[in-house]
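Everything below concerns the one structure shown next.
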Amino acid sequence: MARPVLPHRARPALPRPRTRVPTAALLAATLVTAAGVLAYGPLPSRPQRAHAAEIAGHRGAASGGQAPRGGKKVLTVAVRQSVDSLSPFLAQSLVSSTIHRLAYEYLTNYDPKDGHAVPGFATAWKSSPDKLTWTYTIRRNSMWSDGVRATAEDAAWTFRKMMTDPDAATANGSFTAGFAKVTAPDPTTLVVRLKEPQANMTALDVPIVPEHVWDKVKDFAAFNNDTTFPIVGNGPFVVTDYKVDQYVKLKPNRTFWRGAPKFDELDLKYYKDGDAAVAALRKGEVSFVSNLTPAQTSALEHAKDIKVNDAPGNRFYALATNPGARARNGQRLGDGNPALLDPAVRRALFASVDTGRLVRSVFEGHAAAGSGYLPPRFGSYFWQPSARQRVAYDPARAAADLERAGYRTDRHGRRLGKDGRPLDFRILCHATDPNDKAVSQYLQEWWAKLGIGLKVECLDNVGDPWLAGDYDLAFDGWSVSPDPDYVLSIHTCGALPATRNASGATDDFICDRSYDRLYARQSTEYDPAARATLVKRMESRLYDTGYMNVMAYPNAMEAYRTDQIASIETMPSKAGNIWGQDGYWSWWSAAPAAGAGRTGGSSVSRDVALGLAAAALVAAGLVVLYVLRRRATADDRE
């Protein structure tokens, strides 16, 4: 799930302890350091040093101080979200989706400038007059990374597998739910026959996999695609290695039809702590960091060789309530507090959330106050409640509403449920997300005034209790694509797991028939304006249920080293994000900075290198003189 992982506030650097070093030792150390510089020729580039540091980290050694390896241009990206699966049929987290965007082609891609559909694995497409048959022309020049040609049959096999195996439909099943038949009459022709019109046929966000590899998989629910490397794909990168919560390594696909990426290697390096990731960026050990806090953003804005990107994001940040988690067959899941099934309770809780203050105090203005489900960036789908519909911040009215609904307080001021017990809720919090923790404190303070208790449960992995339905409330968030079908689909009844033990694509176990009817209508509506109207009605319905309360639309706050990355594509091109794009544009387009690689990083110039070399020679001379004097003195004594 693409839930937000936001960093800590930057801490001031601690002063270094002063250590007295004997003069001779200092001179010797200088000589050794200088000799090291001279012995290896040009200074190591930033990417080289980043890579060396990473190798050291993997071996449990201290970062830095390692020799560069082979002069490769390595782009290292700090990530904090765990990979949930490397199987494109199961993965839902943002980091996993990003990896699959890099490793596999989709039928179409989104233009980085404005998000309209552009060729991907398909070079062209057309529909029948009744919109029920879609024919895609598959490109002739796409090769799997093992040398096998990628054809229309691979796409047909991928879709048919999702249509016939529920486990293969776990992550992206909504895209093929309306498919009736998929065929590949020849290597460059894919034909999809629909049960009814489907509006997102040029935005099928499904990674196409090689049939000759995946037809050997027996259990799609259990296969995570993370034991055999390299992973065969036809995207711009090839996944070559992976260690859980340590790193994912990718190398360019030299046969990629659009052209190979410019860096020699792309490493996603795991940092649990946001401050550590920022420190690594400052030292040049990583090239890029996302999910910065406002304090980190401010601190990096004037840092040397670092560029900050602070732009409207494609995500929402929400407060989800457990709607009584259950499977499609009616089996109950988890232990959600039944008091939250009362709309009066949900409304009172959210009426006591001051979203404006959260934007000012937690996000420090680097966000917009939330309301509708889809962020303002997606203008045609952006919806806001009317003044009459809006749940305004009004804690006094929230308390009065609870009283009228029968939730009274005892003599200790505790709000009592219908069962006479105090209302105490739990909220799932991402341990790596400082925003979750900061907002939790505000919620505890605000809801305490209602007499309601809140226990904050911060976990490294919220997925297990979430999917089991073992929560009352949770911090939620998703990245939204230019076509919103997917993030709308995760709140339909069809996204629920089939049984208690099955997996599903649901986000928060929401199942509302009115919402579902609107979803079905928008998914078949080809007229953009009419579809946008239906989508807004869905957002309105979701808002009214109170199960998904959007608090903010955070900016994309991220930074990269300009001495490692000369240029990189944002999406949209004007004021867009780098991390979490709908496409491979950022990392495919990234160009190494001049001098990066074997000629040395720009932060330590050649002039400085020459200066250090000269200093080394002087130091060497002094040491030789010092040793000779010591020897002379000793000789004299002897």
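The values are calculated or read from the model by the stated rules, or taken from the named source; none is laboratory data. Computed from a predicted model, the values in this text were never measured in an experiment. Backbone-built Cβ (ideal geometry, glycine too); neighbour counts: all protein chains shown. Remember, those area values only see protein heavy atoms, side chains included, never the ligands or the DNA or RNA. Shrake-Rupley method; radii C 1.70, N 1.55, O 1.52, S 1.80 Å.
Scanning segment 278-324 for residues that are over 18 Å from the mean Cα position of the chain (by Cα), assigned to a loop (DSSP other than H, G, I, E, B) and buried (at least 24 other Cβ atoms within 10 Å of the Cβ) yields a total of 3. Given the options A387, A368, name the one that is of a type in the set (A, V, I, L, M), touching a strand residue (DSSP E or B) at 6+ places or on another chain (Cβ under 8 Å), closer than 30 Å to P312 by Cα and not in a helix (DSSP H, G or I). On inspection, the qualifying residue turns out to be A368.
Selection of strands (runs of 3 or more DSSP E) fully inside segment 67-145 by the criterion of at least 1 residues being β-branched (V, I, T) and in contact (Cβ under 8 Å) with a residue 40 or more places away in the chain returns 74-79, 108-110, 133-138.
Does K574 meet the test of being under 25 Å from the mean Cα position of the chain (by Cα) and surrounded by fewer than 22 Cβ atoms within 10 Å (Cβ to Cβ)? Let's see the steps before the verdict.
Details: under 25 Å from the mean Cα position of the chain (by Cα): yes; surrounded by fewer than 22 Cβ atoms within 10 Å (Cβ to Cβ): yes.
In short, yes.
All of (1) part of a loop (DSSP other than H, G, I, E, B); (2) more than 23 Å from G120 (Cα to Cα); (3) of a type in the set (A, V, I, L, M, F, W, C) hold for W579 with one exception: (2). Among the residues that make up segment 109-125, is at least one of them open to solvent by 40 Å² or more (accessible area, probe 1.4 Å) and within 26 Å of D507 (Cβ to Cβ)? Within segment 109-125, none of the residues are open to solvent by 40 Å² or more (accessible area, probe 1.4 Å) and within 26 Å of D507 (Cβ to Cβ).
Okay, residues lined up against (1) of a type in the set (V, I, T); (2) out of contact with any strand residue (DSSP E or B) (no Cβ under 8 Å at 6 or more places or on another chain); (3) without any contact (Cβ under 8 Å) to a residue 24 or more places away in the chain; (4) open to solvent by 10 Å² or more (accessible area, probe 1.4 Å):
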{"site": "M538", "(1), (2), (3), (4)": "no, yes, no, no"}
{"site": "S567", "(1), (2), (3), (4)": "no, no, no, yes"}
{"site": "T570", "(1), (2), (3), (4)": "yes, no, no, yes"}
{"site": "G580", "(1), (2), (3), (4)": "no, no, no, no"}
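Of the residues making up segment 140-152, those that are surrounded by fewer than 19 Cβ atoms within 10 Å (Cβ to Cβ) and out of contact with any Phe, Trp or Tyr (no Cβ under 6 Å at 6 or more places or on another chain) are R140, M143, D146, G147, V148, R149.
Only one of the numbered conditions (1) part of a helix (DSSP H, G or I); (2) under 30 Å from M162 (Cα atoms) is violated by E525, and that is (1). Residue count for segment 491-501 satisfying the condition of being buried (at least 17 other Cβ atoms within 10 Å of the Cβ) and assigned to a loop (DSSP other than H, G, I, E, B): 4. A count restricted to segment 230-258 and to residues that are touching a strand residue (DSSP E or B) at 6+ places or on another chain (Cβ under 6 Å), open to solvent by 60 Å² or more (accessible area, probe 1.4 Å) and either touching a residue at least 60 places away in the same chain (Cβ under 8 Å) or part of a loop (DSSP other than H, G, I, E, B) (or both) stands at 4. For segment 512-532, a residue qualifies if it is aromatic (F, W, Y) and surrounded by 15 or more Cβ atoms within 10 Å (Cβ to Cβ), and the qualifying residues are Y515, Y519. Checked against (1) in contact with a Ser or Thr (Cβ under 7 Å, 6 or more places away or on another chain); (2) over 28 Å from E196 (Cβ atoms), T123 passes all but a single condition, namely (2).
Taken over segment 456-482, residues that are open to solvent by 10 Å² or more (accessible area, probe 1.4 Å) and of a type outside the set (A, V, I, L, M, F, W, C) amount to 10.
Please find, among L94, L102, L107, the residue that is at pLDDT below 95 and touching a strand residue (DSSP E or B) at 6+ places or on another chain (Cβ under 6 Å).
Numbers: L102 fails: at pLDDT below 95; L107 fails: at pLDDT below 95.
So the residue among L94, L102, L107 that is at pLDDT below 95 and touching a strand residue (DSSP E or B) at 6+ places or on another chain (Cβ under 6 Å) is L94.
Determine, yes or no, whether Y547 is open to solvent by 30 Å² or more (accessible area, probe 1.4 Å), of a type in the set (F, W, Y) and touching a residue at least 60 places away in the same chain (Cβ under 8 Å). So Y547 fits the description; yes. Give segment 207-229 a look and list any residue that's surrounded by 19 or more Cβ atoms within 10 Å (Cβ to Cβ) and either farther than 15 Å from A91 by Cβ or without any contact (Cβ under 8 Å) to a residue 60 or more places away in the chain (or both), or say none. Matches in segment 207-229: P210, E211, W214. If we scan segment 529-542, do we find a residue that is hydrophobic (A, V, I, L, M, F, W, C) and in a loop (DSSP other than H, G, I, E, B)? So far as segment 529-542 goes, no, none of its residues is hydrophobic (A, V, I, L, M, F, W, C) and in a loop (DSSP other than H, G, I, E, B). The single condition among (1) open to solvent by 20 Å² or more (accessible area, probe 1.4 Å); (2) over 20 Å from G469 (Cβ atoms); (3) among the acidic types (D, E) that E558 does not meet is (1).
For segment 502-511, state whether one or more residues are surrounded by 22 or more Cβ atoms within 10 Å (Cβ to Cβ) and at positive phi. Taking every residue of segment 502-511 in turn, at least one turns out to be surrounded by 22 or more Cβ atoms within 10 Å (Cβ to Cβ) and at positive phi.
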